[in-house]
Amino acid sequence: MNKSHGLVGGMAIACLLVTAGCNSRADEEAAAPATTETAATSDAAATTGDAAAPAADVEFASLTGDPAAGEKVFANCVSCHSVEAGVNKVGPTLHGVVGRHSGEIADFNYSDANKNSGITWTPDELFVYLADPQAKIPGTKMIFPGIKDPQQRADLIAYLQTQS
Ligand code: HEC
């Protein structure tokens, strides 16, 4: 008898809790449709964005870089960069850049954005950076739109790896 009494008491408390929960949910419901609509709109925008830029989905790991082809892609960089050690132009030397920490060339006057980016130039980081440098390092003074073709970036990185 005592046992069932306790159970009834427990259920009464549970009901109170549920009621309280229901009340607050009813209050929130007024705002719910707007929230749902916003979510649906941003979903649609995300889908459109993906469709417009399929190349961005290509993973670096799925590509094999060809250093000889990459040397030709480096023509995009020579106006500002050399691969010779100690030779800085508008941009710092790219000798041994793969694996180097960003902003490490002592006698080059980097922007704070580049110097403080905290990036280590692994092949993966270079792959992302070289597609759109200003997206990866906002405020960089490397004024270059990027190389959009993922295979060309992989080739270029393979070439840079041979320059160390
Ligand atoms: C118009 C000149 C210009 C071109 C073209 C250019 N760069 Fe740069 N690059 C710079 C400058 C300037 C910096 C230094 C950025 C800063 O300090 O904000 C830089 C920085 C870099 C860095 C970071 C180096 C470090 O020590 O942190 C890498 C990597 C790099 N460039 C690679 C390339 C590659 C590869 C290409 C060719 C696809 C290229 N850049 C084309 C001017 C250029």
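The values are calculated or read from the model by the stated rules, or taken from the named source; none is laboratory data. If you're wondering where the values come from, they're calculated on a predicted model, not measured in any experiment. All Cβ positions, glycine included, derive from the backbone under ideal geometry; neighbour counts span all protein chains shown. Surface areas here come from the heavy atoms of the whole protein model, side chains and all, with no ligands, DNA or RNA. Shrake-Rupley method; radii C 1.70, N 1.55, O 1.52, S 1.80 Å.
The HN-Hα couplings worked out from phi for the stretch 69-81 by the Karplus form 6.51 cos²θ - 1.76 cosθ + 1.60 (θ = phi - 60°) are 5, x, 4, 5, 5, 5, 4, 5, 10, 4, 5, 10, 10 Hz, whole numbers, x standing for Gly and Pro.
Our coupling estimate for the stretch 142-150, obtained by passing each phi through the Karplus curve with A = 6.51, B = -1.76, C = 1.60 and θ = phi - 60°, is 7, 8, 8, x, x, 10, 7, 6, x Hz, Gly and Pro reported as x. Starting from the Cα of His101, step 7 Å toward the Cβ, then list every residue of the stretch 115-155 with an amide N under 18 Å from that point. Within reach of a label on His101: 115-123, 125-126.
Its Cα gyration tensor gives the stretch 82-164 an equivalent ellipsoid; the semi-axes, largest first and in whole Å, are 18, 16, 11. Counting Lys and Arg as +1 and Asp and Glu as -1 over every other residue whose Cβ lies under 15 Å from the Cβ of Phe74, the net charge comes to -2.
Translational diffusion coefficient of the stretch 81-124 (Stokes-Einstein, Kirkwood radius from Cα pairs, 25 °C, 0.890 mPa s): 231 µm²/s. A DSSP coil position with no more than 13 other Cβ atoms inside 10 Å describes the following GluC sites (Glu not before Pro) in the stretch 67-164: Glu84. Take the Cα of Thr120, step 7 Å toward its Cβ, do the same at Thr64, and the gap between the two points is 2.7 nm. Take the stretch 60-162 with all the other protein chains still there, run a 1.4 Å probe, and you get 51 Å² of accessible area per residue. At 7 Å along the Cα-to-beta-carbon direction for both Ala75 and Asn109, put a label point, then send me their distance in nm to one decimal. The answer from the label model is 3.2 nm.
Restricting the trypsin sites (Lys or Arg not before Pro) of the stretch 74-151 to loop positions (DSSP other than H, G, I, E, B) with no more than 11 neighbouring Cβ atoms within 10 Å leaves nothing.
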